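Working notes, structure below.
The numbers here are math on the coordinates, done by the rules we state, and not lab data. Quick caveat: nothing in here was measured; it's all calculated off a predicted structure. So basically every Cβ, Gly included, is an ideal-geometry build from the backbone, and we count neighbours across all protein chains shown.
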Amino acid sequence: MHTEAINTELVLIGGSAGSLQVILEMIKNLNENLNFSIILVLHRKAHSTNILQTLLQQFISTEVVEIDDKTDIKKNKIYIVPADYHLLFENKKTMSLDSSEKMNYSRPSIDVTFKSAAEVYGKTLVGILLSGANADGVEGLSYIKKNKGRVWIQNPETAEVNYMPKHAVEEVKYDLLIKPDNLADYINEL
């Protein structure tokens, strides 16, 4: 299992219904010293508590951080986009939060974050789309590909809710079709 040797600066993971179990499995099997950041863009209820951060932190010693406005991006951290905000990248060092209108009925929108990151990170970005029930993320993956980033999609046959990954597979030229049990291995190889 070899991925192309391109320097990776950021891994973005977008998911909705059915993606939490995949993320928990991945977190448990990640290397402890990654040379890049991982950002989770998950559809959550508008007034969710930050219990997700606490839940994930139980399984890994790498710091898990819920993003605040103007959070600095540091290697070897796992960031979570807070409920009810879009995430934008000002540059490779700073992220900002935005409360503009929902996209695809979602805030955070996977598309908004994927597009913003693609403009800043280009070929050093890996965008991953997991299980979900709407089309959010598909347009963002296309934008990542257009900007020479790498696109990974959960195999729809392994998704609890396959609409999002199935739509992405049909619409986007992807680099890798992943399964929940090999996602961490692929990330660790980056």
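At-a-glance table
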quantity: Cβ-defined net charge surrounding ASN29, 14 Å radius [Lys, Arg +1; Asp, Glu -1]; calculated: -3
quantity: Answer label, with semi-axes √(5λ) of the Cα gyration tensor in Å calculated from the coordinates and candidates (1) 28, 18, 13; (2) 40, 24, 12; (3) 20, 19, 18; calculated: (3)
quantity: Listed peptides 95-105, 126-136, 8-18 by packing density, highest first (mean Cβ within 10 Å); calculated: 126-136, 8-18, 95-105
quantity: Positive-end residue of THR158, VAL169, ILE23, charge dipole of the chain with Cβ unit charges; calculated: VAL169
quantity: Check: the stretch 37-171 dipole with +1 on Lys, Arg Cβ and -1 on Asp, Glu Cβ, in debye; calculated: 480 debye
quantity: Potential lengthening between ALA133 and ILE60 on full extension [0.36 nm per residue; Cα-Cα distance subtracted]; calculated: 23.5 nm
quantity: Approximate spin-label separation GLU171-ASP69, in nm, with each point projected 7 Å along Cα-to-Cβ; calculated: 3.0 nm
quantity: Coil-residue trypsin sites (Lys or Arg not before Pro) of the stretch 1-94, DSSP, other Cβ within 10 Å capped at 16; calculated: LYS45, LYS70, LYS74, LYS75, LYS92, LYS93
quantity: Violating pairs (Cα-Cα greater than 27 angstrom) within the set LYS102/LYS145; LYS75/LYS102; LYS74/LYS145; LYS45/LYS145; LYS45/LYS166; LYS77/LYS115; calculated: LYS75/LYS102; LYS45/LYS145
quantity: Mean Cβ count within 10 Å, highest first, over the residues of peptides 138-149, 110-121; calculated: 110-121, 138-149
quantity: Positive-end extreme of charge dipole, the chain - chosen from ALA117, ASN188, SER131 (charges on Cβ); calculated: ALA117
